[in-house]
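Colleague: Sharing a structure here in C-alpha cells format.
Read the figures in this text as sums done on the coordinates, not as results from a lab. Because the structure is predicted, anything quoted here is derived from the model rather than measured. Positions of Cβ are generated from backbone atoms using ideal geometry, with glycine treated the same way; all protein chains shown enter the neighbour counts.
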Amino acid sequence: MTPVCLPSMGSCPFVVGLHHYLVVSGLLFGIGLYGLLTRRNILLILLSIELILNAANLSFVAFSSYWGNLTGQVLVFFTMIVAAAEVTVGLAIVVLLFRKKKTTSVDDLDTLKW
Amino acid sequence: MLENVLFYILALGALISGVGVVRSRSAVYCVLWLVMAMCFTAGLFILLKAFLVAVIQVMVYAGAILVLFLFIVMLMDTQQMNAVKGAGWFTKVVAVIAGTTFFIALIAVIRTVRVPQMTAIHGVPETIGKVLFNQFVLPFELTSLLILAAVTSIVVLAKKDSQ
C-alpha cells in the first residue's frame with residue numbers, strides 16, 4: 001500500500017510519518033525535562049528521567065522503523081537495560097537516604113552544597 | 001487511515017499521561033501515570049512494527065521497573081512524601097522555558113530530517129536476534145557485566161550497617 005502523498009512534502013500533514021513520531025518524542029522529552037526541573041521529591045525526579053528515556057526510545061524506534069535498520073531497536077534494548085540498572089541502584093540509594101535523613105526532598109539533601 | 005487515527009489516539013494518550021507524571025500530586029498516581037505512558041508508547045511501537053520492543057516495554061518497563069518504583073513508594077511514608085512541597089513559581093517558569101526551548105530546538109532539528117522510502121521492517125524476535133547476536137555481541141555481554149555490578153552494589157547498599 002503506497003501512501004497517496006508523502007508527509008515530508010507538507011501537502012497533507014495529517015498522514016502520519018516519521019516527523020509525527022519525532023514531534024511526539026520531543027514533546028515527551030520536554031514534559032520530562034519540566035518534571036525533572038520542578039519536582040522536589042527525589043523519587044519523582046527519577047520518574048521524570050524514566051519519561052525522558054522513554055522519549056529517546058520512541059525516536060530510536062521511529063528512525064529504525066522508517067529507515068529499515070534494526071540497529072535502533074537493538075539500541076532500545078540497551079537503553080532499557082541501562083535504565084533498569086539505574087533505577088535499581090537509584091532506588092536503593094533513595095531508600096538508604098530516607099532511612100538516614102528521614103526525607104526525600106532534594107531541598108533538604110544539601111550536604112554537598114556549600 | 002486506521003493507523004493515522006490510532007497514532008493520534010496513542011500519541012495524545014502518551015502526552016496526557018506524561019503531563020500526569022509531572023503534574024500529579026500523589027507519588028503513587030505519578031507512577032501509575034507513567035505506567036500508562038509506557039503502555040501508550042508500546043502501542044506506538046506496535047504501529048512502528050517494532051513488536052518485540054513493544055512487548056519488552058510492557059513486560060520489563062511497565063511490568064517490572066515501575067512495579068519496583070511502586071513498591072518503594074509504598075514502602076516509604078507516603079504522608080511524609082506527599083508533604084514535600086513543590087517548586088516555587090520561579091522554578092516552574094524556568095522549567096517551562098527550558099522545556100519549550102528544548103522542544104523548539106528539537107523541532108528545528110526534526111525539520112531537517114529527510115524521510116526515506118518507508119520500508120516495512122518488522123521487529124520480530126528473529127530479525128532482532130540476528131542483529132543483536134551478530135553485530136552487538138560484545139555490548140550484549142558487557143550489559144551482563146553492568147547488571148552484575150548493579151546487583152552487587154544493591155546487595156552492598158541493602159546490607160545493614162555493620163560499624
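Colleague: Mind listing which trypsin sites (Lys or Arg not before Pro) in region A:59-114 are in a DSSP loop and have 13 or fewer other Cβ atoms within 10 Å?
Modeller: Hits after loop and neighbour filter: A:LYS102, A:LYS113.
Colleague: Exposed loop sites here are trypsin sites (Lys or Arg not before Pro) in DSSP loop states with at most 15 other C-beta atoms within 10 Å. What is the longest stretch of chain B lacking them?
Modeller: Within chain B, the longest run free of exposed trypsin sites (Lys or Arg not before Pro) spans B:26-84.
Colleague: May I pose another question? So how far, in whole Å, is the C-alpha centre of region B:1-77 from the one of region A:64-95?
Modeller: Going from one Cα centre to the other spans 15 Å.
Colleague: With the cut-off at 31 Å, report for the protein assembly as shown the share of all Cα pairs above it, as a whole percent.
Modeller: 31
Colleague: Can you work out ³J(HN,Hα) from phi for every residue in region A:79-96, in order, using Karplus 6.51 cos²θ - 1.76 cosθ + 1.60 and θ = phi - 60°, giving whole Hz and x for Gly and Pro?
Modeller: For region A:79-96, the Karplus-derived couplings read 4, 5, 5, 5, 5, 4, 4, 4, 5, 5, 5, x, 5, 4, 5, 4, 4, 5 Hz, x marking Gly and Pro.
Colleague: Sticking with this one: Near B:VAL94, within a Cβ-to-Cβ distance under 15 Å, what is the net charge of the other residues, with Lys and Arg +1 and Asp and Glu -1?
Modeller: +3
Colleague: When the convex hull of the Cα atoms of region B:1-77 is projected onto a plane and the area is averaged over all directions, what value comes out in nm²?
Modeller: Averaged projected area of region B:1-77's Cα convex hull equals 4.9 nm².
Colleague: Below 8 Å, C-alpha to C-alpha, sequence gap of six or more: please give me the relative contact order for region B:1-109 in percent.
Modeller: Reported relative contact order: 22 percent.
Colleague: Something else about it: Helix-only mean residue ellipticity at 222 nm, chain B, DSSP H runs n ≥ 4 weighted -39,500 (n - 2.57), per residue, nearest 500. What is it?
Modeller: It lands at -24000 deg cm²/dmol.
Colleague: Something else about it: Which of B:PHE51, B:PHE133, B:PHE90 ends up with the largest GNM mean-square fluctuation for chain B, with Cα atoms connected below 10 Å?
Modeller: Looking only at B:PHE51, B:PHE133, B:PHE90, the biggest GNM fluctuation is shown by B:PHE90.
Colleague: Right, here's the next one. Return B:CYS30, B:CYS39 ranked ascending by Cβ neighbour count within 10 Å, so the fewest neighbours appear first.
Modeller: Listing B:CYS30, B:CYS39 from fewest to most nearby Cβ atoms yields B:CYS39, B:CYS30.
Colleague: Within chain B, which complete DSSP H helices have Cα atoms spanning at least 20 Å along the helix axis and a mean Kyte-Doolittle hydropathy of -0.5 or higher?
Modeller: Within chain B the helices that satisfy the rule are B:2-23, B:27-47, B:89-111, B:137-158.
Colleague: How large is the helix-only mean residue ellipticity at 222 nm for chain A, computed as the sum of -39500 (n - 2.57) over DSSP H runs with n ≥ 4, divided by its residue count, in deg cm²/dmol to the nearest 500?
Modeller: Dividing the helical sum by the residues of chain A leaves -24000 deg cm²/dmol.
Colleague: A further question on this structure: Does chain B classify as rounded, prolate or oblate by the C-alpha gyration tensor (a ≥ b ≥ c root eigenvalues; a/c under 1.5 gives rounded; else a/b over b/c gives prolate, otherwise oblate)?
Modeller: oblate
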